[in-house]
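This report refers to the structure that appears directly beneath it.
The values are calculated or read from the model by the stated rules, or taken from the named source; none is laboratory data. Computed from a prediction, not measured in an experiment: that's the story for all the values here. Neighbour counts run over all protein chains shown; Cβ positions are idealised from the backbone, glycine included. What goes into the accessible areas is simple: the full protein's heavy atoms, side chains included, and nothing from ligands, DNA or RNA. Shrake-Rupley method; radii C 1.70, N 1.55, O 1.52, S 1.80 Å.
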Amino acid sequence: GDLKEKQRKLIDSFERGLLLEVSRLLGYSGSISAHTGPDAESPAVQVVDISFWKDDVPYSRIEIPVEVTCIKCADQIEVRTVGGTIYATASEADMIESKVIAILGRITLRHRDILDVFLFQDRFRSDSAQRLKSKLQALRINDNYLEKKLCDLWKNSDYHAKATQEVIDTQLDAEAATQLNDTGGGRVVLNAVMNILNQYIGLEKTNESN
């Protein structure tokens, strides 16, 4: 469905329930709003900004961005169960392809997406290039936009490698982080993902044209 509409519904739901419950249980005041600024124009994600604070308590403000995304599924939705509860989920191929779309579709890159593509790269399919092409077209992410995003990854690779390294150091468990760092860390992860984009999106054409 339309991401803007989903964003509005999520705001309505949070206003009716979340704010009241947090106030009742924890004594925090709060506010919820649609995210504004350049990021708000992303074709792949919309953001709801949630804030909580204790009245008359300095520096008590907590800000939580909640992302609303759309996963374009080429496969049938899978049904999985956890503790007797049934969940409808996207296939593993659709999930990893959605991470590629997130890298290319977000206005502001989340470097966790780069790490996830590296960690779960075995979930791509032999026809993922064509599947991704169809999904990007359906999301109206045009070639000019893709070219800008891909060029940014090439031209600012030092920055992106450092940002990916920070994700490794702060979001992975110690053993996994050590294993990645022993083999090159953020730089190796970024290079591997650039090769993956090259394989499934055609990154080399963008690189050669600059």
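Values computed for the structure shown
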| read-out | value |
| --- | --- |
| Flag for Lys6 being open to solvent by 30 Å² or more (accessible area, probe 1.4 Å), over 23 Å from Leu136 (Cα atoms) and in contact (Cβ under 8 Å) with a residue 12 or more places away in the chain | no |
| Every residue from segment 9-53 that is of a type in the set (S, T, N, Q) and open to solvent by less than 80 Å² (accessible area, probe 1.4 Å) | Ser13, Ser23, Ser29, Ser31, Ser33, Ser42, Gln46, Ser51 |
| Hits in segment 70-107 - residues which are among the acidic types (Asp, Glu) and more than 22 Å from Leu146 (Cβ to Cβ) | Asp75, Glu78, Glu92 |
| Segment 73-100, residues that are closer than 19 Å to Val189 by Cβ and open to solvent by 10 Å² or more (accessible area, probe 1.4 Å) | Met95, Ser98, Lys99 |
| Residue list for segment 101-135, filter: among the basic types (Lys, Arg) and open to solvent by 60 Å² or more (accessible area, probe 1.4 Å) | Arg110, Arg112, Arg123, Arg125, Lys133 |
| Glu21 being farther than 30 Å from Gln165 by Cα and in contact with a Ser or Thr (Cβ under 6 Å, 6 or more places away or on another chain) | no |
| Residues located in segment 2-39, provided they are in contact with a Cys (Cβ under 7 Å, 6 or more places away or on another chain) and of a type in the set (Lys, Arg) | none |
| Matching residues, segment 41-74, being over 11 Å from the mean Cα position of the chain (by Cα) and of a type in the set (Asp, Glu) | Glu41, Asp49, Asp55, Asp56, Glu63 |
| Count of segment 70-114 residues which are in a loop (DSSP other than H, G, I, E, B) and either in contact (Cβ under 8 Å) with a residue 12 or more places away in the chain or among the small types (Gly, Ala, Ser) (or both) | 16 |
| Pairs with Cβ under 8 Å, 6+ apart, first in segment 140-168 and open to solvent by 70 Å² or more (accessible area, probe 1.4 Å), second of a type in the set (S, T, N, Q) and part of a helix (DSSP H, G or I) | Glu147/Thr206; Trp154/Thr206; Trp154/Asn207 |
| Flag for Ile32 being closer than 24 Å to Leu119 by Cα and touching a strand residue (DSSP E or B) at 6+ places or on another chain (Cβ under 9 Å) | no |
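Yes/no matrix, rows are residues, columns are (1) closer than 14 Å to Asn191 by Cα; (2) part of a helix (DSSP H, G or I); (3) touching a Lys or Arg at 6+ places or on another chain (Cβ under 7 Å):
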| residue | (1), (2), (3) |
| --- | --- |
| Asp116 | yes, yes, yes |
| Asp122 | no, yes, no |
| Ala129 | no, yes, no |
| Lys133 | no, yes, no |
| Leu153 | yes, yes, no |
| Ala163 | yes, yes, no |
| Thr170 | no, yes, no |
